[in-house]
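The structure under discussion appears below in the form of structure tokens.
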Amino acid sequence: MTAVGEIRGTTIDRRSVISLLRRLRSDEGQANPLPLWAKLRALGDVVPAPWGGYLVTGFEACSQVLRGRNWLVPDFAWQERHPDNQRWRAVATREMTRTLPRLNGTAHTCQRRALGNPFDRRTLEALGPLIAAQTSPLLDDLEARLRTHGEADFVRTVSEWLPVRTAGQWLDIPAEHHAYMLDFTHRQVYAQELLPTRSELAISAEATLEMRSFFTALVRRRRAHPGEDALTGWIHYFDALYPDDRATADRELYALTMFVAMASLETTATLLTSAVWLITQGPATLDRLRRHPEHIDDAVEEVMRYDPPVHLNTRVAADDTVLAGVPIARDTMVHVLYGAANHDPRRNEDPHVFDVLRNGSHLTFGGGAHYCLGAALARLEVKVLLTLLLERFPTLRPTAPPTYAAGRMVFRRITSLKVTT
Ligand code: HEM
């Protein structure tokens with residue numbers, strides 16, 4: 001047995017951690033990670049990762065890392081101190097290191113200020129009917145497919161499209177570009193996985209170049225033809241911040257626009273599909289929501305707790321520290337496991353039970369300085385979708401379990417959910 005760490009007197013076997021991580025990446029783990037998260041949690045709140053650093057499994061420990069000031073994200077400065085790591089030199093990884101979730105300190109504050117609070121109460125009130133207007137034609141399409149074939153793929157018909165239609169409306173990106181945006185997002189995401197292979201990094205590199213030229217051209221066009229959209233507002237913000245340096249303003253604008261568009265697509269699509277899958281698992285849940293649509297908000301929170309679309313996030317220790325009793329040296333990387341945390345029985349009793357009235361806790365949108373800026377928008381999209389779906393398709397049900405993209409440890413992706421009425 002090769003021990004990778006001693007925690008609270010327990011020697012953790014490296015091979016059992018590797019085996020659990022392999023199983024998490026397998027089809028079995030993608031379909032049902034719950035028992036594997038429980039096994040990882042049983043090893044400790046802070047489990048040595050086989051490649052160095054730690055996996056953080058318990059709710060409190062994850063929350064401390066996300067919210068604590070003594071934790072940073074692995075930015076360029078950190079990466080330069082670890083030049084041996086091939087992964088950080090990949091073009092696709094470097095591109096993402098220029099974006100919000102990989103910035104610390106003033107660079108982060110500057111981008112975050114440009115966004116402000118993009119989805120405050122007033123904006124959300126205005127967005128609700130617009131999202132409903134985007135949802136209706138997608139549900140018309142679903143209805144037509146169900147009528148013709150008796151069955152339809154909810155992902156391809158509805159979930160993939162609603163987030164890109166919404167982001168498109170927010171940033172004023174015409175519908176004819178939406179399919180391409182989805183395509184390069186799905187290819188780029190590999191670089192953001194935990195341990196991407198060389199060939200995945202190559203796919204991601206190509207997608208990155210396409211994404212770069214797409215969003216650079218978008219910013220250029222918007223500068224020439226400003227509108228009333230969010231991107232026009234960011235152009236005003238960065239032009240005022242860098243009045244004599246258009247190149248820097250454009251670099252910042254590109255990083256921001258690219259990231260917020262990408263951040264909102266796979267994540268929200270997965271959440272929408274999970275919501276449909278989970279609420280249709282028992283007649284009692286569906287019946288309750290049909291009769292009490294006021295519980296849809298509770299259902300949305302429970303879906304997010306039960307199956308978070310992002311499974312893992314990374315921080316590094318700013319100084320020598322101690323986490324859940326484990327000494328951690330400065331610069332050490334830790335990986336927060338959102339799903340394991342949300343299913344920690346010390347925080348949410350009987351965590352494996354999907355209960356829309358649970359009023360549980362979750363870390364699905366992260367925490368602290370990097371807390372997700374699109375959380376309110378994502379919640380609203382699910383709420384609008386479920387409301388309209390329950391009205392128009394009260395007997396909708398899956399004909400088979402969902403299928404998942406293979407090998408994901410960071411961004412979960414549901415590739416298909418066949419439904420009928
Ligand atoms: C279900 C959908 C979504 C999920 C599960 C999700 C999850 C997350 C998570 C886990 C983080 C990292 C938080 C941390 O490091 O503490 C994050 C960051 C972020 N998300 Fe989301 N997100 C979703 C949708 C969106 C949408 C719709 C947008 C934009 C409209 C968005 C914009 C962002 C931005 C800008 C950040 C970076 C914040 C920063 O680093 O300061 N997200 N999101």
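Taking into account only those residues within segment 372-419 that are of a type in the set (A, V, I, L, M), in a loop (DSSP other than H, G, I, E, B) and surrounded by 15 or more Cβ atoms within 10 Å (Cβ to Cβ), which is farthest from the ligand (Cβ to nearest atom)?
The qualifying residue farthest from the ligand (Cβ to nearest atom) is Leu396.
Quick one: how many residues across segment 352-364 are open to solvent by less than 30 Å² (accessible area, probe 1.4 Å) and under 16 Å from the mean Cα position of the chain (by Cα)?
Number of matching residues: 2.
Please pick out the residue among Ala202, Ala191, Ala207, Ala217 that is part of a helix (DSSP H, G or I), within 16 Å of Phe259 (Cβ to Cβ), among the aliphatic types (A, V, I, L, M) and out of contact with any Ser or Thr (no Cβ under 6 Å at 6 or more places or on another chain).
Selected residue: Ala207, the only one of Ala202, Ala191, Ala207, Ala217 that is part of a helix (DSSP H, G or I), within 16 Å of Phe259 (Cβ to Cβ), among the aliphatic types (A, V, I, L, M) and out of contact with any Ser or Thr (no Cβ under 6 Å at 6 or more places or on another chain).
I'd like the full set of residues that are within 11 Å of the ligand (Cβ to nearest atom) and under 18 Å from the mean Cα position of the chain (by Cα), limited to segment 47-76.
Within segment 47-76, Cys62, Ser63, Val65, Leu66, Arg67, Val73 qualify.
If we scan segment 297-304, do we find a residue that is among the small types (Gly, Ala, Ser) and open to solvent by 20 Å² or more (accessible area, probe 1.4 Å)?
The answer is no, given that none of the residues of segment 297-304 is among the small types (Gly, Ala, Ser) and open to solvent by 20 Å² or more (accessible area, probe 1.4 Å).
Checking Pro226 against (1) at pLDDT 95 or above; (2) open to solvent by less than 50 Å² (accessible area, probe 1.4 Å); (3) in a loop (DSSP other than H, G, I, E, B): exactly one of these is not met. Which one?
(2)
Considering only residues that are over 30 Å from Thr415 (Cα atoms) and in contact (Cβ under 8 Å) with a residue 24 or more places away in the chain, which ones fall in segment 9-47?
Thr10, Ile12, Arg14, Leu43, Gly44, Asp45, Val46, Val47
Conditions (1) in a helix (DSSP H, G or I); (2) surrounded by fewer than 19 Cβ atoms within 10 Å (Cβ to Cβ); (3) within 16 Å of the ligand (Cβ to nearest atom), marked per residue:
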| site | (1), (2), (3) |
| --- | --- |
| Trp78 | yes, yes, yes |
| Arg87 | yes, yes, no |
| Met96 | yes, no, yes |
| Thr109 | yes, yes, yes |
| Ala126 | yes, yes, yes |
| Ala132 | yes, yes, no |
| Ser136 | yes, yes, no |
| Leu146 | yes, yes, no |
| Arg165 | yes, no, yes |
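Would segment 350-363 turn up any residue that is under 19 Å from Val65 (Cα atoms), more than 9 Å from the ligand (Cβ to nearest atom) and acidic (Asp, Glu)?
Scanning segment 350-363 turns up no residue that is under 19 Å from Val65 (Cα atoms), more than 9 Å from the ligand (Cβ to nearest atom) and acidic (Asp, Glu).
Quick one: is Ile173 in a loop (DSSP other than H, G, I, E, B) and crowded, with 16+ Cβ neighbours inside 10 Å?
For Ile173, the condition - in a loop (DSSP other than H, G, I, E, B) and crowded, with 16+ Cβ neighbours inside 10 Å - is met.
Among Thr257, Thr208, Thr197, which is the only one that is farther than 30 Å from Asp355 by Cβ and either in contact with a strand residue (DSSP E or B) (Cβ under 7 Å, 6 or more places away or on another chain) or surrounded by fewer than 20 Cβ atoms within 10 Å (Cβ to Cβ) (or both)?
Thr197
The values are calculated or read from the model by the stated rules, or taken from the named source; none is laboratory data. It should be emphasised that the depicted structure is a prediction, and the values quoted were computed from it without experimental measurement. Backbone-built Cβ (ideal geometry, glycine too); neighbour counts: all protein chains shown. We work out accessible area using only protein heavy atoms, side chains counted, and drop any ligands, DNA or RNA first. Shrake-Rupley method; radii C 1.70, N 1.55, O 1.52, S 1.80 Å.
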